[in-house]
Amino acid sequence: MLKFVASVLIALVSGSSLAFAQTTGVQDRTTGVQHQSTLSPTDLKALTDARVALVKAALQLTPEQEKYWPALEEAIRARSTGRQQRLAVLVNRPNQAGDIAPFELLRQRADNMAQRATELKKLVDAWQPLWQTLNPDQKRRLGILATNVLRVVGSAAEARQMEIHEDDEEN
C-alpha cells in the first residue's frame with residue numbers, strides 16, 4: 001500500500017506543473033501580460049489520459065464496479081474537453097477588454113458557468129452509482145488522491161503565479 005501511495009504522489013507532483021500549465025495561456029489580469037500555454041492539444045489529451053488512469057488505478061475496481069466506469073470516464077473527459085475549449089477561447093480572444101461591452105462579458109461568463117454546471121452535473125451523475133458500490137478502502141484511497149491533488153496543484157499554481165510576477169518585475 002505504501003508503494004501505491006508513493007507512486008500516486010510522484011505522479012501528482014510530476015503532473016502538477018502540467019496541470020497548471022494549461023491555464024497559463026490567458027492574460028494576467030493584474031499586469032495585462034499575456035502568457036502563452038506550453039501544452040499542445042496532444043499534451044492536454046495525454047494529461048487527461050493520465051488523470052483518468054490515476055483515478056482508475058487508485059480505485060482498483062472490481063469486475064462488478066467496472067460496468068460504471070465508462071460513464072464516469074466519459075464525464076471526466078467531457079469536463080476536461082470543455083475546460084480546454086473555454087481556455088482556448090480566452091487565449092484566442094484578442095486583447096479587447098475595452099472594446100467589449102461589460103454586459104457582453106457578463107453574458108459570456110454566465111454561458112461559461114452554465115456549461116461548467118452542466119459538465120459538473122454529468123460528472124456527479126456518473127460518480128454516484130459507482131460511489132455507492134465502493135468499499136471503505138476504495139473511498140479512502142480516492143480521498144487521499146483528491147486531497148493530495150488539491151494541495152499539490154494549489155502549491156504549483158501559487159509557485160507559478162510568483163514566477164509570473166517575478167518575470168513581470170524583471171521586464
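Structure values in brief
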quantity	calculated
Per-pair calculated FRET efficiency, R0 = 25 Å: Lys45 and Ser155 via Cβ, rounded to 0.05	0.50
Whole-angstrom Cα spans of the range 98-139 along principal axes, big to small	54, 15, 8
Partners for Lys139 among lysines (Cα-Cα distance below 25 Å; same-chain residues under 8 apart left out)	Lys3, Lys56, Lys67, Lys121, Lys122
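Computed from the coordinates by the stated procedures, all read-outs in this text should not be read as laboratory data. All of these numbers come straight from a predicted model, not from anything done at the bench. Here Cβ is always computed from backbone atoms with ideal geometry, including for glycine, and neighbour counts include all displayed protein chains.
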